[in-house]
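One structure is given here, and the rest of the page talks about it.
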Ligand SMILES: [Zn+2]
Ligand SMILES: [Zn+2]
């Protein structure tokens, strides 16, 4: 059983006391069932900051919860105080202070992902539709699922800026079934 989102919020409060003397900024912690390639994510949109945890990842690695949440909290703390994103010197120093130095030894690959990748998520808060974008939309947009036909101001999309993606492995570790599925798709 996964902890409830209320339990995640309590864990956040405990880690905030233990590692930040309560100085980590307010965050909403929630699950996002759609994540398949990251354990956690922090986005900066409307306040408070939003930290999302992947339930899929957590079911597989229940022991990773505290480390994942702490990782995202360090991002929240760096961003709130110094407007710093990514895994720079301050991030890594804080990570070591929190005793996490060996777990995230492969962070070197993250930076290129962050710099090259899509930086924005457009999300419909009503139906959960999400789209990744490189840029913020240049004109008003509404949810294409809630109203397929035309722009509809009743269904706005919230713009989130992605500040972090935490790697959970490489494509070499993808299970064989998934590879087979994609190759049969290619030949059919
Ligand atoms: Zn929608
Ligand atoms: Zn990170």
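Once you have the Cα-Cα distance between residue 82 and residue 97, take 0.36 nm times their residue separation minus that, and quote the gain in nm to one decimal. Result for the pair: 3.6 nm of gain on full extension.
Normalised by 2.2 N^0.38 Å, with N the number of residues, the alpha-carbon radius of gyration of region 22-101 equals 1.07. Is region 1-62 rounded, prolate or oblate when judged by the Cα gyration tensor, a ≥ b ≥ c being the square roots of its eigenvalues, rounded requiring a/c under 1.5 and prolate requiring a/b larger than b/c? Oblate, because a/c is 1.5 or more while a/b does not exceed b/c. Take the Cβ atoms of residue 126 and residue 90, set R0 to 35 Å, and the FRET efficiency comes out at 0.40. Modelled label positions at residue 142 and residue 59, each set 7 Å beyond Cα in the direction of Cβ, lie 3.5 nm from each other.
Laboratory data are not the source of any read-out in this text; all were calculated from the coordinates shown. As the structure is a prediction and not an experimental result, all values here were calculated from the model. Positions of Cβ are generated from backbone atoms using ideal geometry, with glycine treated the same way; all protein chains shown enter the neighbour counts.
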